[in-house]
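The values are calculated or read from the model by the stated rules, or taken from the named source; none is laboratory data. Only a predicted model underlies this, so the values are computations on that prediction, with no experimental measurement involved. Cβ sites come from the backbone with ideal geometry, for glycine too, and all protein chains shown count toward neighbours.
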C-alpha cells in the first residue's frame with residue numbers, strides 16, 4: 001500500500017520544530033525523564049522565538 005502524499009497528522013510547521021529538535025538531541029544522554037522534558041521545553045521555546053521573529057520580519061516586509 002502506497003503512502004499518502006499528505007498526512008493530516010503533521011502540519012508543515014511541525015517540520016520546523018521537529019528537525020531542529022532532532023538535531024539538538026542527537027547523541028545526547030539523559031539521566032532522567034525530567035532532564036529530557038526540561039531540555040525539550042527549552043529547545044521548543046527557542047524554536048518558537050525564532051519562528052516568531054521570522055514571522056514578524058516577513059509581516060513587516062509586506
- request: Run residue 10 past the list (1) part of a loop (DSSP other than H, G, I, E, B); (2) modelled with pLDDT under 70; (3) surrounded by 11 or more Cβ atoms within 10 Å (Cβ to Cβ) and report the number of the one that doesn't hold.
  value: (3)
- request: Kindly indicate whether any position in segment 26-47 is surrounded by 10 or more Cβ atoms within 10 Å (Cβ to Cβ), outside any helix (DSSP H, G or I) and either out of contact with any helix residue (DSSP H, G or I) (no Cβ under 6 Å at 6 or more places or on another chain) or at pLDDT 65 or above (or both).
  value: yes
